Amino acid sequence: MHLSEFDYRLPPELIAREPANPRDASRMMVLDASTGATIESQFRDLPTFLNPSDILVLNDTRVIRARTFARLERATGTSRPIEIFFAEPVDDHVWRVLCRPGRRIQPGDRVFFEEGEITGKFRESHDAELHVLELEPSTSVFHLLERCGRVPLPPYIERDSTPADENSYQTVFADRPGAVAAPTAGLHFTEEALERVRNRGVEIVRLTLHVGIGTFMPVRTERPEDHALRPERFEIGEETAGRLRRAMQDGRRVVAVGTTTTRALEFVMREYGEMRPACGYADLFILPGFEFRIVGALLTNFHLPRSTLLMLVSAFAGRENVLAAYRRAIEQRYRFYSYGDCMLVVRS
């Protein structure tokens, strides 16, 4: 397997830089993974492609305001502005962060937020990109982010976040803070859309996977198998696990909303051989050849070339099927990435 096998060319104007308005106005391509056939539809028609016996699984993580700006003061005495992206927690007041610029940050360098009201000190660095930052004196990172953080829109949106993004870059069922990027397949749902799914007879359950930098960090190895996916925090509660277990016993189809939901479900199945309550860190990197043990259909957005997300969808539907569907989506001027349109992948 080679990284170039997951590449495609996207005209820049097809990158969605604003959300659909209303949320459920997005287009939806339906891909049959067994045949490669596609149907062009609308997200509002999702219930017509679901079976009344299906169980739909949502990721209820909530995006935090992970993007901040501060003043860096080096131990050498120099000072400059810096952007700090809070990537993943070590504990309440110590986080791993991405900095821009950040290649020359050294342990002992300090940062000042909010005109110096909140300070932090860099500890060790894991590589040229990821640094450990400790807030002083033991200030909660969540307190800092609520006070001065910004919505962490992906760089390809190429604009600053606005007050509207506080709502639109969050699912309507977001409940548990911790993600640094949105589980974008869930962004299409409105409360009315969820009610239409329930009226179809479909059962809806929730789990939590806090989307971390492992989801969007680029693959830099020529062989995707050599890439290490950073673990992400997840939790599947007792009620959700029980309802999923019963659905599987009854032969009902499990429909995962998003690649993050898929990874959490398949991680538990791989670890325990059954669906059970679980929490911890999921590091499952799904590539073509993977055997899916629980997910029977997948709602997902259109993903970046060479990304781990595109590889997961290719594993579920077949790489050639997926890339052919992407070419058709480009021809039909679908909107791509986080604020873009979606694809429902089914297996006939």
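Do the conditions hold for PRO89, that is, is it assigned to a loop (DSSP other than H, G, I, E, B) and within 30 Å of GLY237 (Cα to Cα)?
Considered against the rule, which asks whether it is assigned to a loop (DSSP other than H, G, I, E, B) and within 30 Å of GLY237 (Cα to Cα), PRO89 comes out as no.
Check whether at least one residue in segment 40-60 is in contact with a Leu (Cβ under 7 Å, 6 or more places away or on another chain) and either more than 15 Å from VAL255 (Cα to Cα) or without any contact (Cβ under 8 Å) to a residue 24 or more places away in the chain (or both), and report yes or no.
Looking for residues that are in contact with a Leu (Cβ under 7 Å, 6 or more places away or on another chain) and either more than 15 Å from VAL255 (Cα to Cα) or without any contact (Cβ under 8 Å) to a residue 24 or more places away in the chain (or both), one finds none in segment 40-60, hence no.
One line per residue, one yes/no per condition, for (1) of a type in the set (Val, Ile, Thr); (2) farther than 26 Å from GLU115 by Cα:
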| position | (1), (2) |
| --- | --- |
| SER138 | no, no |
| GLN170 | no, yes |
| PHE173 | no, yes |
| ILE213 | yes, yes |
| ALA228 | no, yes |
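Taking ARG206, is it charged (D, E, K, R), surrounded by 14 or more Cβ atoms within 10 Å (Cβ to Cβ) and either without any contact (Cβ under 8 Å) to a residue 12 or more places away in the chain or not assigned by TED's automatic domain parsing to the domain that holds VAL254 (or both)?
Spelling it out, it is not the case that ARG206 is charged (D, E, K, R), surrounded by 14 or more Cβ atoms within 10 Å (Cβ to Cβ) and either without any contact (Cβ under 8 Å) to a residue 12 or more places away in the chain or not assigned by TED's automatic domain parsing to the domain that holds VAL254 (or both).
Sort through GLU18, GLU13 and tell me the only one that's farther than 17 Å from VAL346 by Cβ, without any contact (Cβ under 8 Å) to a residue 24 or more places away in the chain and in the same structural domain as PRO218 (by TED's automatic domain parsing).
Just one listed residue meets the conditions, GLU13.
Within segment 203-216, is there a residue that is hydroxyl-bearing (Ser, Thr, Tyr) and closer than 20 Å to LEU310 by Cα?
yes
Each row is one residue, and each column tells you yes or no for (1) surrounded by 13 or more Cβ atoms within 10 Å (Cβ to Cβ); (2) out of contact with any Asp or Glu (no Cβ under 7 Å at 6 or more places or on another chain); (3) at pLDDT 95 or above.
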site: ALA20; (1), (2), (3): yes, yes, yes
site: ARG23; (1), (2), (3): yes, yes, yes
site: LEU46; (1), (2), (3): yes, yes, yes
site: THR61; (1), (2), (3): yes, yes, yes
site: THR76; (1), (2), (3): no, yes, no
site: GLU88; (1), (2), (3): yes, yes, no
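Find the residue count for segment 24-38, including only residues that are in contact with a Leu (Cβ under 8 Å, 6 or more places away or on another chain) and closer than 16 Å to THR300 by Cβ.
Number of matching residues: 5.
So ALA70 fits all but one of (1) out of contact with any Lys or Arg (no Cβ under 9 Å at 6 or more places or on another chain); (2) in a helix (DSSP H, G or I); (3) buried (at least 21 other Cβ atoms within 10 Å of the Cβ); what number is the exception?
(2)
Are there any strands (runs of 3 or more DSSP E) wholly within segment 224-336 with 1 or more residues that are aromatic (Phe, Trp, Tyr) and surrounded by fewer than 21 Cβ atoms within 10 Å (Cβ to Cβ), and if so which?
Here the list reads 278-282.
Against the definition (charged (D, E, K, R) and over 13 Å from the mean Cα position of the chain (by Cα)), how does GLU232 come out, yes or no?
For GLU232, the condition - charged (D, E, K, R) and over 13 Å from the mean Cα position of the chain (by Cα) - is not met.
For segment 3-18, which residues satisfy the criterion of being closer than 16 Å to VAL322 by Cα and surrounded by fewer than 18 Cβ atoms within 10 Å (Cβ to Cβ)?
SER4, GLU5, ASP7, TYR8, ARG9, LEU10
Go through segment 108-185 and tell me which strands (runs of 3 or more DSSP E), entirely inside it, have 2 or more residues that are at negative phi and assigned by TED's automatic domain parsing to the domain that holds PRO11.
Output list reads 176-179.
Just a yes or no: is a residue in segment 204-222 part of a strand (DSSP E or B), under 30 Å from LEU3 (Cα atoms) and under 20 Å from the mean Cα position of the chain (by Cα)?
Yes.
The values are calculated or read from the model by the stated rules, or taken from the named source; none is laboratory data. These numbers were taken from a predicted model, which means no experiment stands behind them. Because the Cβ atoms are built from the backbone with ideal geometry, glycine has one as well, and the counts that use them run over all protein chains shown.
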